[in-house]
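Here is the structure we will look at.
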Amino acid sequence: MAKKVAKMSVVAPKKKKAAAARPKVMRAVRMDNVSMPPPMDAPDARVMDRLWGTVLARKDADPAESHSARLLARGTAKIAQKFGEEAVECLIEAVGGHRTALVAESADVLYHLLVMWVDAGLRPEQIWAELERREAMSGIAEKAARPVPAGMATRKIP
């Protein structure tokens, strides 16, 4: 079965002759028949790769000088606990409709997730590859295809 891959294209604005110094305008991104809002003039997802590299580099740093080193020195259980705490704080802000706080808590969740990846010896490319693999199918089909261990039936809503 051939894998369907979403083709992404950015529609650039048309250039005008001798235009004055105007801010760059980005138009909507098209993925097959789905339109997404134009990218913001802000940092992009590459910041995650840079942050992962920073956390990895601090793995052997002095825990007194690096928060990442301190977390990694405390072990997997503490890293998982911190990730869980940040995830709960993120959920609270989302449910409360506090967008600014949700941005801050989301950044905390992503940072602690990267610390967990470093602790587990994972590379971001492994996660990106898994996301890409899932891109070709619906979330419902992907979840249904996951094996369920014997005796471990779930009551979760599909």
Checked pairs for the stretch 77-98, first over 16 Å from residue 111 (Cβ atoms), second hydrophobic (A, V, I, L, M, F, W, C) and in a helix (DSSP H, G or I), C-beta under 6 Å and 6 or more apart or across chains, list as 94/102
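Output the number of residues of the stretch 114-125 satisfying the condition of being assigned to a helix (DSSP H, G or I) and surrounded by fewer than 17 Cβ atoms within 10 Å (Cβ to Cβ). Give the derivation first.
Quick first cut of the stretch 114-125, residues assigned to a helix (DSSP H, G or I) only: 114-120, 124-125.
Now drop any that are not surrounded by fewer than 17 Cβ atoms within 10 Å (Cβ to Cβ), which leaves 120, 124-125.
The total comes to 3.
Here is a yes/no grid of residues against (1) under 26 Å from residue 49 (Cα atoms); (2) at pLDDT 95 or above; (3) not aliphatic (A, V, I, L, M); (4) not in a loop (DSSP other than H, G, I, E, B):
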{"site": "64", "(1), (2), (3), (4)": "yes, yes, no, no"}
{"site": "72", "(1), (2), (3), (4)": "yes, yes, no, yes"}
{"site": "89", "(1), (2), (3), (4)": "yes, yes, yes, yes"}
{"site": "92", "(1), (2), (3), (4)": "no, yes, no, yes"}
{"site": "108", "(1), (2), (3), (4)": "yes, yes, yes, yes"}
{"site": "137", "(1), (2), (3), (4)": "yes, no, no, no"}
{"site": "149", "(1), (2), (3), (4)": "no, no, yes, no"}
{"site": "153", "(1), (2), (3), (4)": "no, no, no, no"}
Picking from 128, 52, the residue that is of a type in the set (Phe, Trp, Tyr), within 17 Å of the chain's Cα centre (by Cα) and surrounded by fewer than 16 Cβ atoms within 10 Å (Cβ to Cβ) would be 128
When restricted to 31, 8, 26, 36, the only residue within 18 Å of the chain's Cα centre (by Cα) and either modelled with pLDDT under 60 or exposed (fewer than 15 other Cβ atoms within 10 Å of the Cβ) (or both) is 36
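The values are calculated or read from the model by the stated rules, or taken from the named source; none is laboratory data. These numbers come from a predicted model, not from an experiment. Using ideal geometry, Cβ is built from the backbone for each residue, glycine included, and neighbour counts are taken over all protein chains shown.
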